[in-house]
Amino acid sequence: VTGGAPGLGKAVAKGIVAEGGTVALWDLNAEALAAAKGETGAADVQALDVSDNAAVEAAAKASAAALGGKVDVLVCSAGITGATAPVHEYPVDSWLRVFDINVNGLFYCNRAIVPLMLANGYGRIVNIASVAGKEGNPNASAYSASKAAVIGLTKSLGKELAGKGVIANALTPATFESPILAQLPQSQVDYMRSKIPMGRLGEIDESAAMVCFMASEECSFTTASTFDTSGGRTTF
């Protein structure tokens, strides 16, 4: 589970462990990672920046060894929001960093883990996208575009792997209560809440439960697709 120290990643890890799974957590924040290991019962933790391909490849080897030589599930939850600004004022450095983490980093993780799953003839990949990737949020162009890229990558990957025992899907949640909201101004959070027909933000455990289903054997005939936890916001 990438981005496994806070929020959704940690909640997913707890759910997998509760159901008898063995989990490795990856995160940039080493201190938070150590705390999450104790909270979740993770068997392995790797502190790394997922935008560093060499670090991802090394972590994949280390975690696979810690998990008994195979990886059944990959959940890519690492991500950042970036700046809040209109496109013509958007900071270039923030744009590049958002894509480095949300798109390139996710690609590196998928690329490193897929061969392990193919070798075992089984796998479940869950890439965390966003309703922003379907609809686009104003003043959040980098985040919206990056999450659209996650959806496109996942659809391509799922079709490549169909029939090989490995399933890849994306989750498209609306805004939910999580530490990532601290990266946003309150006005942006209020805007996103106003777009949700249920009139509230999601809860972490609601999306975590969906991820755990997507990562399970029961999710066996849906691939190259998106699962929605948006309180009615998405229309496709």
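The values are calculated or read from the model by the stated rules, or taken from the named source; none is laboratory data. Everything numeric here is computed off the predicted structure, so don't read it as measured data. Virtual Cβ from ideal backbone geometry, glycine too; neighbours counted across all protein chains shown. Areas reflect the complete protein model, heavy atoms only, side chains present, ligands, DNA and RNA absent. Shrake-Rupley method; radii C 1.70, N 1.55, O 1.52, S 1.80 Å.
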Do we have any residue at all in region 76-83 that's outside any loop (DSSP other than H, G, I, E, B) and out of contact with any Cys (no Cβ under 7 Å at 6 or more places or on another chain)? no
Within region 151-171, of all residues that are closer than 14 Å to Leu106 by Cβ and either assigned to a strand (DSSP E or B) or hydroxyl-bearing (Ser, Thr, Tyr) (or both), the one most open to solvent (accessible area, probe 1.4 Å) is Ser156
I'd like to check something: does region 64-84 contain any residue that is open to solvent by 40 Å² or more (accessible area, probe 1.4 Å) and free of Cβ contacts under 8 Å to residues at least 12 places away in the same chain? yes
Based on what the data block shows, is Thr234 under 21 Å from Ser144 (Cβ atoms), polar (S, T, N, Q), open to solvent by less than 50 Å² (accessible area, probe 1.4 Å) and assigned to a loop (DSSP other than H, G, I, E, B)? yes
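Residue-by-condition table, conditions (1) touching a helix residue (DSSP H, G or I) at 6+ places or on another chain (Cβ under 9 Å); (2) on the phi > 0 side of the Ramachandran plot:
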| residue | (1), (2) |
| --- | --- |
| Ile101 | yes, no |
| Gly105 | yes, no |
| Leu116 | yes, no |
| Asn120 | no, no |
| Gly136 | yes, yes |
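To keep it simple, each residue is scored yes or no on (1) over 21 Å from Arg111 (Cβ atoms); (2) in a loop (DSSP other than H, G, I, E, B).
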position: Thr22; (1), (2): yes, yes
position: Glu31; (1), (2): yes, no
position: Ala42; (1), (2): yes, yes
position: Gln46; (1), (2): no, no
position: Ser51; (1), (2): no, yes
position: Glu57; (1), (2): no, no
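Return the residue satisfying two criteria in turn: it lies in region 182-195 and is open to solvent by 20 Å² or more (accessible area, probe 1.4 Å) and either in contact with a helix residue (DSSP H, G or I) (Cβ under 6 Å, 6 or more places away or on another chain) or among the polar types (S, T, N, Q) (or both), and of such residues it is nearest to Ala83 (Cα to Cα). Before you say what the answer is, go through the steps one by one.
Filtering region 182-195 for residues open to solvent by 20 Å² or more (accessible area, probe 1.4 Å) gives 182-187, 190-191, 193-195.
After this cut, where a residue has to be either in contact with a helix residue (DSSP H, G or I) (Cβ under 6 Å, 6 or more places away or on another chain) or among the polar types (S, T, N, Q) (or both) as well, the list is 183, 186-187, 194.
Details: Gln183: 8, Gln186: 13, Ser187: 13, Ser194: 20 Å.
By that ranking, first place goes to Gln183.
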Filtered residue count, region 24-45, keeping only those that are under 17 Å from the mean Cα position of the chain (by Cα), open to solvent by less than 40 Å² (accessible area, probe 1.4 Å) and free of Cβ contacts under 8 Å to residues at least 40 places away in the same chain: 3
Here is a check on your reading of the model: is Gly199 small (Gly, Ala, Ser) and farther than 18 Å from Gly3 by Cβ? yes
Restricting attention to region 112-131, report how many residues are closer than 23 Å to Asp27 by Cα and either free of Cβ contacts under 8 Å to residues at least 24 places away in the same chain or of a type in the set (Phe, Trp, Tyr) (or both). 1
Residue that is surrounded by the most Cβ atoms within 10 Å (Cβ to Cβ) [pool: residues in region 196-221 that are in contact with a helix residue (DSSP H, G or I) (Cβ under 8 Å, 6 or more places away or on another chain) and outside any helix (DSSP H, G or I)]: Ala215
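From Arg193, Arg124, Arg233, Arg200, grab the single residue that is in contact with a strand residue (DSSP E or B) (Cβ under 7 Å, 6 or more places away or on another chain) and charged (D, E, K, R). Spell out the reasoning first.
On the way: Arg193 fails: in contact with a strand residue (DSSP E or B) (Cβ under 7 Å, 6 or more places away or on another chain); Arg233 fails: in contact with a strand residue (DSSP E or B) (Cβ under 7 Å, 6 or more places away or on another chain); Arg200 fails: in contact with a strand residue (DSSP E or B) (Cβ under 7 Å, 6 or more places away or on another chain).
From the options Arg193, Arg124, Arg233, Arg200, the qualifying one is Arg124.
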Subset of region 1-10 (residues that are of a type outside the set (Lys, Arg), buried (at least 24 other Cβ atoms within 10 Å of the Cβ) and part of a helix (DSSP H, G or I)): Leu8, Gly9
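Look through region 163-173, keep the residues that are small (Gly, Ala, Ser) and farther than 11 Å from Gly123 by Cα, and return whichever of them is nearest to the chain's Cα centre (by Cα).
By that ranking, first place goes to Ala170.
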